[in-house]
Every structure is written in C-alpha cells, then in structure tokens.
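The next block holds one structure in the form of structure tokens; read it before the comments.
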Amino acid sequence: MKAAIVKSFDQPLVIEDIPKPTPGPGEIVVKIETSGLCHTDIHAAHGDWPIKPKLPLIPGHEGVGIVEEIGSGVTEVKEGDRVGIPWLGYACGCCEYCASGWETLCEKQLNTGYFLDGAYSEYVKANARYVGQVPQGVDPLDAAPLTCAGVTTYKAVRVSGAKSSDLVAVFGIGGLGHLALQYARIAGAEVVAVDLVEEKLKLAKALGATYTVNAKRSDPVEEIRKLGGADAAICVAVSPRAFEQAYKSLRRGGTLVFVALPADNTVQLPIFETVLNGVTVKGSIVGNRVDLAETFELHAAGRTKVEREVRKLEEVNEAFEEVESGKARARLVFDLR
C-alpha cells in the first residue's frame, strides 16, 4: 500500500509502498478514503514537542474510510461500515479517567499518527472500540476534519461553558477556528472572531460571527473590551501572543480555553489579575467517543459547514508548507479514493 512516512524529523516525508496491515484481536483494517491534515501532524513530523513520536511514522489522525477486515472479538463495527479514525487510538478503559468519561486523559492512551501509524496511507489498522461511526449522508471529505478539528472545538466550546447571551472570542479562524465559532453559535452565544487574515474574517462572518477583529490592524484586546469583554475565549491560534491576548480580552469571571499547541510552549499570565478577576484557565484536549458521535450528528443534521480544500497524498510536503505559512484557507484534506 502507498503511505506518506516520516523517517527523520529534519527531512520531508517520503511516499513509499509498504505492506498492508493485518488486524489482530479487537482490531480492524480500514481502507482510507480521506485523511485530514491537522497542524499536530506537522508538529509530529518535525518532532516539535517534548514527547517525541515513534519513527518511522505514518501521520494522520483524521482518517475516514471503509472497514475492510475485522479481527477476532470485534463487535463494535462490521465490514462495510464507514468510520472515522481519531487522535485517541487507544485507552485502557478501566482507569479513573476512562471510567469517568475522560478517556482523553488516560495515562496509557496511544495516539493515532503519533504512537500508532495513522491515516496518511491507503490502509490503516485501528482499535475497533475507538473509531467513530460516520452517519450516512456525511461526505467523507467533511467527515475527516470533523474527526479531529470538529470534535476538538466542539469539546472546547463545551468546556468553556458558553451559553446564550454570552460573548465568545475565537482566536484563530482556520481549520479549527471556523468550526469553533459554529459550535459557539449552536450554543446560543455571540461570537467575535480574531485573525490576521482578512479573507478568514470574511469566512467567519459568513459562518455566523457577529464581530470580527483583524489583529494586524487593531488591538483585539481593546476591541473586545469595547464590547464588554468576552465571557469565554477559545484560542486555536498557534501563537503564545494570541493566548495572552485572549486572556486579556476576558471580562471578570471569564474562562480561557487553551486548545492550540504552539511549538513555543510558554505563555505569561498574571497571577494577581487571575485571582482578583476570578478568571478560569482550562486546557481542552480533543473529545471522547460520545463527543465525536455528537459532532458527526450535528453535521449530519446540517448544523455545521466544513471549509476544506482537497489535496493528493503525493502533495503532502507542499500541503505542510501551505499550513505552516498560513496560506491554507481552512482544513486541507487528502483524497485517497
């Protein structure tokens, strides 16, 4: 099978033919139709984070495809089902975190496209318990970004506590941000979208943002404070400065949700103002299996729109450059059909 492989953190990915995987007990093999490009894939390929992925590595944790083979003991899916293969590739299922619905915090988890080979390939092996069923009628090109960008921002909005009458600031209107603002609107909140690119702010307006701020032209903190401050701010921009601006944009009692994972791993937040203003800072990492199912259900009901552009797997290195340079309008999706 054809796959895009990371062999070294300082070299481009290579396209090679490698053996097709076979399923073990509890596992399935999926014939990949589409695979989304998440910024995490780029961090994995470059070894940017303190915990390094395995090498060689096939990235990709937004894979969508058809179950072709099942291993012994699989009851969750059957051959012919369309499934999404998410970041959470495995969790132990029995620790305190798993038992309380926080399987994404399981200390024994294995992540697709990081510690497990991912979906930048014609076939991928996955644990049957941790794939998500894609509803009928959902385009595989839409389902791929929903498998990570969708469920991640859906969870972040839930974690933020956003509700009707709230003002939610979304910092970074790209592959994640354009979905975050839609989930905030579904929750009933008004949204102020912040980005550096005017085209992305026009997209935000079209998707329901009430206000937009071009952070190149004006101070987002000042502009959001003119609106009374944000009840919640969700930062999906890969810049520590954006996190700090998001914090400063909050009204008293507001909540800041960290989502993006910049290579520069440090922000400075003031202790005094955090305490006196009753500010809450939360980290939100993807979502669990129920969150993923709800994300798919919302899209199947026509309540969200995925902005994406299609690329070939052979263009993987050029696609990485597009995302890193900020040229990608929204989510890039590899079509392997």
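Laboratory data are not the source of any read-out in this text; all were calculated from the coordinates shown. Note that the coordinates shown come from a computational prediction; the quantities given were computed from them, not determined experimentally. All Cβ positions, glycine included, derive from the backbone under ideal geometry; neighbour counts span all protein chains shown.
If I build a Gaussian network model for the chain, linking alpha-carbon pairs within less than 10 angstrom, which residue out of A260, A215, A301 has the largest mean-square fluctuation?
Greatest mean-square fluctuation among the candidates belongs to A301.
What's the lysine pair count for the stretch 150-283 at a Cα cut-off below 27 Å, pairs eight or more apart or interchain?
Within the stretch 150-283, the lysine pair count is 29.
Okay, helix-only estimate at 222 nm for the chain: each DSSP H run of n ≥ 4 adds -39500 (n - 2.57), divide by all residues, round to 500 deg cm²/dmol; what do you get?
Helices in the chain give a 222 nm mean residue ellipticity of -7500 deg cm²/dmol.
Based on the mean of other Cβ atoms within 10 Å per residue, sort peptides 319-329, 290-300 so the most packed one is first.
By packing density, highest mean first, the sequence is 290-300, 319-329.
May I ask you to derive the FRET efficiency for L105 and R303 from their Cβ-Cβ distance with R0 = 25 Å, giving the value to the nearest 0.05?
The value I calculate is 0.35.
Taking only the Cα atoms of the chain, how large is their convex hull per residue, in Å³?
Taking the convex hull of the Cα positions in the chain, it is 127 Å³ per residue.
Would you kindly give the portion of the calculated P(r) for the stretch 150-283 that falls above 25 Å, as a percent of all Cα pairs?
13
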